[in-house]
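The values are calculated or read from the model by the stated rules, or taken from the named source; none is laboratory data. None of these values were measured; they are calculated from a predicted model. No Cβ is skipped: glycine too gets one built from the backbone with ideal geometry, and neighbour counts run over all protein chains shown. Ligands, DNA and RNA are excluded from the accessible area calculation, which covers all protein heavy atoms including side chains. Shrake-Rupley method; radii C 1.70, N 1.55, O 1.52, S 1.80 Å.
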Amino acid sequence: MDPTTFVTTKALPAYAIFACCVFVLGVGYKLAFLVYCLRTMPRGMTPRPKTPYPAEGTSLLRALWEVTVVSQWRFWAKANPITFVGHILYHVGFYAAVGMYTFATGVYLSRNSFESPSKTVPLVFGWFEHTQDIFGESGRLVSVGGMMTPLFVAALFSATIGMAIPFVMSALKKRGMIIPLDNVVKAAGIRVDGLPRNRVGWSRKAIGLIVLVMDGAMLLTFLSPVPRDYAYIIHVSFGLTIVSLFPFTFLFHEIARWRAWGAVKRRAEGRIA
């Protein structure tokens, strides 16, 4: 068995099992720790007492819009529009790629019961090759096979550019606020340098660099004449590495965004502006 065949048929399926187990255990630990904290720690904000002058609230839909969109646009987009655009580009690419992976996985599972990882992993991660089981002439989604790869390339391009912007801005020492939000801040000469270089800050840098290399390498496999086996190895190894690191790094905030619901409720009740 040649090395390439060994990696694609033995090593990567085994790595997929390992990465998925680490992901499940990590997410389970995070959620269990959150439940423990909610049960044992005192609440930071108690219910609002009744008064003759109730707070002027708003609808949940408007509160959701204000917390998730208006707050970002009012401050970050105005203080540093370049990094704000990078943030948007990266997340558009990220969610588009994850959505397409989920779509391909759902199609595969709808047609087949779960088989061995050596058969499942190539079909889930190798969908961009238009595998016969999904997008080929005998596949259920042959009609959309032609547009999936261009969409995925666009998602990779968006994610690569978006992830590169923070590194460029950091190199230029313009990661924080570069445009004062008002005349008072401008007159005072206040400048915010961005995230502090603590453990979380360095974690963000390290994971961001891994993601940037991963997205760039995957994009090159589409734009340059790389053998399909090599492209598949790059695709899967980087993807599974991110899966295994997900619960233990700042990437977990993609799941933990649901905690913003507390802010939405408080805004709807008029308890925060």
For G239, which of the numbered conditions (1) surrounded by 13 or more Cβ atoms within 10 Å (Cβ to Cβ); (2) over 13 Å from the mean Cα position of the chain (by Cα) fails to hold? (2)
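Output yes when any residue across segment 43-56 is of a type in the set (F, W, Y) and modelled with pLDDT of 80 or more, and no when none is. I'd like the intermediate steps shown before the answer.
Looking only at segment 43-56, we keep the residues that are of a type in the set (F, W, Y), and these are 53.
Of the ones still in play, those that are also modelled with pLDDT of 80 or more are none.
So far as segment 43-56 goes, no, none of its residues is of a type in the set (F, W, Y) and modelled with pLDDT of 80 or more.
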What pairs come out if I take residues in segment 98-121 that are among the basic types (K, R) and pair them with residues that are at pLDDT 70 or above and crowded, with 16+ Cβ neighbours inside 10 Å whose C-beta lies under 9 Å away, six or more apart or interchain? K119/P13
Got at least one residue in segment 173-188 being modelled with pLDDT of 70 or more, in contact with a helix residue (DSSP H, G or I) (Cβ under 9 Å, 6 or more places away or on another chain), among the β-branched types (V, I, T) and part of a loop (DSSP other than H, G, I, E, B)? yes
Would you please name the residue that is least open to solvent (accessible area, probe 1.4 Å), looking only at residues in segment 242-265 that are under 15 Å from L34 (Cβ atoms) and modelled with pLDDT of 80 or more? P247
Based on what the data block shows, is F94 open to solvent by 60 Å² or more (accessible area, probe 1.4 Å), touching a residue at least 60 places away in the same chain (Cβ under 8 Å) and among the aromatic types (F, W, Y)? no
Members of segment 220-232 that are in contact with a Leu (Cβ under 9 Å, 6 or more places away or on another chain) and surrounded by fewer than 18 Cβ atoms within 10 Å (Cβ to Cβ): F222, V226
